[in-house]
2 protein chains.
Amino acid sequence: MYEVELKVEADHERVRAALEDAGAGPVDHVRQVDTYYDAPHREFAETDEALRLREETDLDAGETTTKLTYKGPLVEAASKTREEHETAVADGDAAAGIFDGLGFAPAATVEKERERFALEGYTITLDSVEGVGDFVEVDREAPESEIEEVREGAQSLLRDLGFDPDEQIRTSYLGLLLGDVQ
Amino acid sequence: MYEVELKVEADHERVRAALEDAGAGPVDHVRQVDTYYDAPHREFAETDEALRLREETDLDAGETTTKLTYKGPLVEAASKTREEHETAVADGDAAAGIFDGLGFAPAATVEKERERFALEGYTITLDSVEGVGDFVEVDREAPESEIEEVREGAQSLLRDLGFDPDEQIRTSYLGLLLGDVQ
């Protein structure tokens, strides 16, 4: 399965009104604090890898979980497919201590509030990223044979919500925060 | 708190009989599969560090948990105090995938059955280590001021169980498996 996603900058008040009109259902509302690490033996910016510790608090339930994620370089450019490994960890401070001991250093922190909605088989995500801005993302998993169809559906959905899919932003929040040129 | 521990090679049948006579209570019975990693940027044998992924199966309950542990070099030689960070991980395969992606390689695996008993405030551990042998370990936590007293108690307990505490083995199971000289 592949992840098809489209992200544009967005005024959230306008999106919320449009989502309500369209009958979208709320999924969850979380706060995510992502710490990205530098490696002692590789330049991740050059090798196109990432090591991330994500602390996620469910703002409805008040529960916090921590996940550790490694993203490898692109294995297929067209579909943006990467090797990715992720596991929940019981003790986020201990996980940070392990990487600190191994010589990895926190390089950047991305903090955001994330609200998810479901609409026509797609997930609509409203992200408020501290120091970066507000965004709306439309995404859906698809088998390889349906990538184009699902992408067109996402574009059409963005248009229905009042956005121009041609204004798609491909840079990650980390990249935007660090001022990377798109 | 410090961990006082004494380990000797042992015939488990004899220990079990002695433990029963002494009225020791069974605590748990687990199988541990420990994978030790080599780092891409450091020689752990020289830096005196260790990175370990431990898969532990409770042989009574049938449940398996995985823990990730980093042990730093000795910060105080006399008490064998180390920087140590440990967290449970939900997905052991993903954790292995993360370290594989980062360039860490499995270096050695230590597999053992471990039975724990409680006796006079001490934990008595019977370890059957594959490819190494059978051992009994007596251990207890102690504040710095009571280390000597607790160590003498452990020696006395080993003697009561029929062992000579002077035959103490200080090498880790990993060290014994790899044939390190004590």
Requested in this report: Check B:45, B:61, B:17, B:88 and return the single one that is away from every other protein chain (no Cβ under 14 Å) and not in a helix (DSSP H, G or I).
Outcome: B:61
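Would you confirm whether any residue within region B:93-103 is part of a strand (DSSP E or B) and surrounded by 18 or more Cβ atoms within 10 Å (Cβ to Cβ)?
Of the residues in region B:93-103, the ones part of a strand (DSSP E or B) are none.
So far as region B:93-103 goes, no, none of its residues is part of a strand (DSSP E or B) and surrounded by 18 or more Cβ atoms within 10 Å (Cβ to Cβ).
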Requested in this report: Output yes when any residue across region A:111-119 is in a helix (DSSP H, G or I), more than 14 Å from chain B (Cβ to nearest Cβ) and open to solvent by 50 Å² or more (accessible area, probe 1.4 Å), and no when none is.
Outcome: no
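In the set B:59, B:74, which member is more than 28 Å from residue B:147 (Cβ to Cβ), of a type in the set (A, V, I, L, M) and open to solvent by 60 Å² or more (accessible area, probe 1.4 Å)?
Numbers: B:74 fails: more than 28 Å from residue B:147 (Cβ to Cβ).
Testing whether each residue is more than 28 Å from residue B:147 (Cβ to Cβ), of a type in the set (A, V, I, L, M) and open to solvent by 60 Å² or more (accessible area, probe 1.4 Å) leaves just B:59.
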Requested in this report: Could you run through region B:77-92 and say how many residues are open to solvent by 60 Å² or more (accessible area, probe 1.4 Å) and under 18 Å from residue A:69 (Cα atoms)?
Outcome: 3
**Report entry** Pair list, Cβ under 9 Å, 6 or more apart: region B:6-31 residue open to solvent by 60 Å² or more (accessible area, probe 1.4 Å), other residue in a helix (DSSP H, G or I)
**Finding:** B:9/B:167; B:26/B:19
Query raised in the report: Which members of region A:101-145 meet the condition of being of a type in the set (S, T, N, Q) and touching a residue at least 60 places away in the same chain (Cβ under 8 Å)?
Result: A:109, A:123, A:128
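The values are calculated or read from the model by the stated rules, or taken from the named source; none is laboratory data. These numbers were taken from a predicted model, which means no experiment stands behind them. Every residue, glycine as well, gets a Cβ built from its backbone with ideal geometry; the counts of neighbours run over all protein chains shown. Only protein heavy atoms, including side chains, enter the accessible area calculation; ligands, DNA and RNA are left aside. Shrake-Rupley method; radii C 1.70, N 1.55, O 1.52, S 1.80 Å.
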